[in-house]
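Student: Take a look at the following structure, please.
The values are calculated or read from the model by the stated rules, or taken from the named source; none is laboratory data. Everything numeric in this text was worked out from a predicted model, so none of it was measured. In this analysis, Cβ positions are derived from the backbone assuming ideal geometry, glycine residues included, and neighbour counts consider all displayed protein chains. Surface accessibility is based on the protein's heavy atoms, side chains included, excluding ligands, DNA and RNA. Shrake-Rupley method; radii C 1.70, N 1.55, O 1.52, S 1.80 Å.
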Amino acid sequence: MISSILLIVVLATLVVDLECGTNFMKPVFNAMTTYLWAKDIYSNETVTDESTVMYNGEVCQIVNLNLLMRHVARYPSLYWIRRMENLHNMIKSDPDVVKKHRFLKTWIIPFAEEHAYSMSALGTEEATALGRTFGKKFKQLFEGKTNLIDYTITSKEVTRQSFVAFYKSLNETLLADASRPNPAVDDSRLRFYSKCKKYRTYSDKSNVEYDLFVGGIQMKTVVDKIKTLLGMANLNAEQVITMHQICAFELGMFNKSDWCSFFTLDDLNVLDYLFDLSHYWQRGFGYAINWQMTCPFTSHMFKRFDDTIANQNETTVADIQFAHSYTLLPVYTAFGLFKDSNKLLANNYEANKSRRFRVSRTCPFSANLGTGLYKCEVSGNFVVKMFVNEDAVDIPACGSKVCLYQEFKQAYKFLDDCNFEKICRTQ
């Protein structure tokens, strides 16, 4: 009898967990995915030392690192907080819906407007874990040289908050002086998209596929199902998207959300593709301007590497930069990372289920792109290695994880020569 009762309790607990979305702690929430779900930074596995690489049978030592990081997990923007409030007010005005889903009566939005777009406690955890990880991963480069690291942020406060938490953890890991420098603010390099007129022109017309998918069969199926489940015949796609945002932020910050109970994993995959369509055309391979405008960032990296090779002295050992998904995605695209054979279109959802361009995996909160420059001990050659979210990736320039620097630079010479004004001219 007791064992039967225990079984019922366990099963009931599992049902509650499923209904609150804990089974959704996976990279399916697009740019709102927490880094933990895309990459287990809290595991006890030994951090791989990336201070050296092998190239053509010889050891090569890291001499410079460019690290571009997306800001850490944050609160929703003011725009989304107000959409969430409006949605909840509309839904709870229907007594039949509230009677059916009792949590709606007592639910209070947990995202205060004064916290909009600022770092959350989860973000602090992410930055702390990543500071520790990179401190160990590149200890040989950083140790005794933390004063030779250049830090750069954008004008957005969340990037400063990300820097502060990361810097503290990195220096604690290296047992270094943690007196904090003032990072440079450089929107020209890290928010190039806000400076490019031609990009804004293309961005305005880049939601065609997104809009087509919103009106297509996959999204209609999701919306109709949630209409029935919720009990509101007038619910529309944009309101379902707002429900999805509540689910994503609550689940990320509090490990559960009653709003997630309206979705299945299949629903989340459909919504993930919807958002990927927007990113693909606005920040990915949809238009050439999306990657062409990254040259303020890429040319800075090439100049730093060239100076390191030419001077062979330690003036700066690393650039560590904190920016946005709107920064990382175009830079990934510029280097040809995560390119699929098919374009992402509204009518090829099934064909793209195994796509490489998947923002949930490549650009969650705290996503990072590292490019290391290494000097080989015997030949004197310089080589590069790239990391996305800490893991080495094949570099399209040479088709392997380690490229000869000159080959790398030649393949991406269009990213080194930067006439930003000409690239972004609308006429």
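Student: By how many nm would the segment from ARG82 to ASP266 grow when fully extended, if each residue of separation counts as 0.36 nm and the alpha-carbon distance is taken off?
Tutor: Working: separation 184, 0.36 × 184 = 66.24 nm, distance 2.71 nm.
Here the answer is 63.5 nm.
Student: Restricting to Cα pairs below 8 Å that are 6+ residues apart, what does the relative contact order work out to for the chain? Please round to a whole percent. It would help to have the intermediate numbers written out before the result.
Tutor: Details: 703 pairs, mean separation 118.0, N = 427.
Relative contact order comes out at 28 percent.
Student: Going by amide H atoms built from the backbone, whose H comes under 5 Å of the H on VAL185, apart from near neighbours?
Tutor: ILE153
Student: Compute the Rg to Rh ratio over the range 59-177 from the alpha carbon atoms, using the Kirkwood formula for Rh, and round to two decimal places.
Tutor: On the way: Rg = 20.8 Å, Rh = 17.2 Å.
Reported Rg/Rh (Cα atoms, Kirkwood Rh): 1.21.
Student: Would you work out the charge dipole size for the chain about its Cα centre, treating the Cβ of every Lys and Arg as +1 and the Cβ of every Asp and Glu as -1, and quote it to the nearest 20 debye? Intermediate values should be presented prior to the final figure.
Tutor: On the way: 48 positive and 46 negative charges, 170 e Å.
I would put it at about 820 debye.
Student: For the pair ALA121 and VAL59, how long in nm is the line joining their label points, each one 7 Å along Cα→Cβ?
Tutor: Roughly 4.5 nm, to one decimal.
Student: What is the distance, in nm, between label points placed 7 Å from the Cα along the Cα-to-Cβ direction at THR316 and at ASP340?
Tutor: 3.7
Student: Nearest 0.05, what FRET efficiency do ASN419 and GLU172 give at R0 = 51 Å with Cβ-Cβ as r?
Tutor: Numbers: r = 42 Å, r/R0 = 0.83.
Taking R0 as 51 Å, the efficiency between ASN419 and GLU172 is 0.75.
Student: What's the FRET efficiency of ALA112 with SER155 using the Cβ-Cβ distance as r and R₀ = 25 Å, to the nearest 0.05? Walk me through the intermediate numbers first.
Tutor: On the way: r = 23 Å, r/R0 = 0.91.
The formula returns an efficiency of 0.65 here.
Student: Once you sort the root eigenvalues of the Cα gyration tensor of the range 332-427 as a ≥ b ≥ c, which label holds: rounded (a/c under 1.5), prolate (a/b larger than b/c) or oblate (the other case)?
Tutor: Details: a/c = 2.14, a/b = 1.36, b/c = 1.58.
Since a/c reaches 1.5 but b/c is at least a/b, the shape of the range 332-427 is classed as oblate.
Student: Run the helix sum for the chain: -39,500 (n - 2.57) per DSSP H stretch of 4+ residues, divided by residue count, reported at 222 nm to the nearest 500 deg cm²/dmol. Could you put the intermediate results ahead of the total?
Tutor: Numbers: 21 runs with 205 residues, N = 427.
The helix-only estimate for the chain comes to -14000 deg cm²/dmol at 222 nm.
Student: May I ask you to order 124-132, 372-380, 187-195 by the average number of other C-beta atoms within 10 Å around their residues, highest value first? Write down the numbers at each step before the final one.
Tutor: Working: 124-132: 22.2, 372-380: 17.4, 187-195: 20.0.
Listed from highest to lowest mean packing, they are 124-132, 187-195, 372-380.
Student: While we're on this one: Once whole DSSP H runs in the chain are found, which of them have Cα atoms spread over 20 Å or more along the helix axis and a mean Kyte-Doolittle score of at least -1.0? Please report the intermediate quantities before stating the final value.
Tutor: Details: long enough: 2-19 (26 Å, 2.32); 78-92 (21 Å, -0.56); 121-137 (24 Å, -0.40); 157-173 (24 Å, -0.42); 237-254 (25 Å, 0.79); 265-283 (26 Å, -0.37); 295-311 (23 Å, -0.40).
Flagged H segments are 2-19, 78-92, 121-137, 157-173, 237-254, 265-283, 295-311.
Student: Calculate log10 I(q)/I(0) of the range 134-257 for q = 0.12, 0.15, 0.17 Å⁻¹, where I(q) comes from the Debye formula with a single equal point scatterer on each Cα and nothing for solvent.
Tutor: -0.79, -0.92, -0.98
Student: Pick from ALA176, ALA334, ALA351: which is most flexible by mean-square fluctuation in a GNM of the chain where alpha carbon atoms under 10 Å apart are linked?
Tutor: It is ALA351.
Student: What residue among THR46, THR201, THR152 has the largest mean-square fluctuation in a Gaussian network model of the chain, using Cα springs under 10 Å?
Tutor: Looking only at THR46, THR201, THR152, the biggest GNM fluctuation is shown by THR46.
Student: Calculate the FRET efficiency for GLN427 and SER194 from the Cβ-Cβ distance with a Förster distance of 25 Å, rounded to the nearest 0.05. Please report the intermediate quantities before stating the final value.
Tutor: Values: r = 20 Å, r/R0 = 0.80.
Using R0 = 25 Å, I get an efficiency of 0.80.
Student: Carbon and sulfur: what percent of the chain's accessible surface (1.4 Å probe)? List each step's numbers first, then the result.
Tutor: Numbers: 9800 of 19170 Å².
Roughly 51 percent, rounded to a whole number.
Student: Also, quick follow-up: Suppose we keep just the DSSP beta bridges with both residues in the chain; what percent of those would be antiparallel, to 5?
Tutor: Numbers: 27 of 39 bridges.
About 70 percent, rounded to the nearest 5.
Student: Ignoring ligands, DNA and RNA, what accessible area per residue does the chain give at 1.4 Å, in Å²? Let's see the in-between values first.
Tutor: Values: 19170 Å² over 427 residues.
Accessible surface, normalised per residue, equals 45 Å².
Student: To continue, here is another question. Roughly speaking, what % of Cα-Cα pairs in the chain are separated by over 34 Å, rounded to a whole number? Could you put the intermediate results ahead of the total?
Tutor: Numbers: 32434 of 90951 pairs.
Considering the chain, 36 percent of its Cα-Cα pairs are separated by more than 34 Å.
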